[in-house]
Amino acid sequence: MAKSADAPALGAGGRKAVRVRVPYPAPVPKSWLRHCVQYLDRQLAAGLAFADRGVLLTDETGGPVRPNSLAIRFRRLIAAAGVPAILFHDLRHTCATLLLSQGVHPKIVQERLGHTDIAMTMNLYSHVTADMQRQAADHFDAAIEDAAKSA
C-alpha cells in the first residue's frame with residue numbers, strides 16, 4: 001500500500017523544521033510520473049520560451065504557478081465533487097483527523113505534517129469526530145466489563 005524505501009524526504013513547514021522521510025501512498029508514483037510527462041509536454045510546446053527553473057508546479061512557460069491559481073483550481077474541484085467547500089490548507093487538518101481516527105500514532109501524524117512540536121499537531125490539526133467519541137466510549141465500556149469480570 002505505502003512505499004517507504006525510496007520515499008522522498010519532504011521538507012517540513014514552519015520554523016526549525018526537520019526533514020523527515022515520509023512514506024507516500026501507492027498512487028503517488030503514477031501521479032508523479034503523469035505530472036512529469038505533462039511538464040515535458042509543456043516544455044516541448046513552449047520551445048525556447050520555456051524557462052526551466054526547477055519549480056515543481058509551473059505555468060506553460062516554466063514559471064512558478066501563482067498561489068491563487070492553485071486555490072482557484074482546488075475550489076473548482078471541490079465544487080465538481082459536490083462536497084462542502086474548504087480551503088486548500090484545511091486538507092492538513094483533514095489529513096491529521098483521518099489518520100488519528102484510524103489509530104495512527106500521534107507522533108507519526110506530527111512527522112507527516114512536519115511539525116517540530118506534537119502539541120501543535122494535537123491542538124491545532126486534529127479534530128475529534130463523533131466516531132472517535134463513540135470509539136472512546138466503547139473502549140471505556142470494554143475496560144469496565146473486563147474489570148468487572150476479573151473482580
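A short reminder: the numbers here are calculations on the coordinates, not readings from a lab. Nothing here was measured: the structure is a model prediction, and the numbers come from that model. Glycine also receives a Cβ, built like all others from the backbone with ideal geometry; neighbour counts cover every protein chain displayed.
Summing Lys and Arg as +1 and Asp and Glu as -1 over all other residues whose Cβ lies under 11 Å from the Cβ of Thr121 gives a net charge of +1. Between 0 and 90 degrees, the angle of helix 28-46 with respect to the longest Cα principal axis of the chain falls at about 20 degrees. Rounded to the nearest 10 degrees, what's the angle between the helix 130-150 long axis and the longest principal axis of the chain, both from Cα atoms, 0 to 90? So the inclination is approximately 30 degrees. If you bin all the Cα-Cα distances of segment 82-151 at 5 Å, starting from zero, the percentages per bin are 3, 15, 20, 18, 14, 11, 8, 5, 3, 1, 0.
When the Cα atoms of the chain are aligned to their principal axes, the ranges along those axes come out at 80, 36, 31 Å in descending order.
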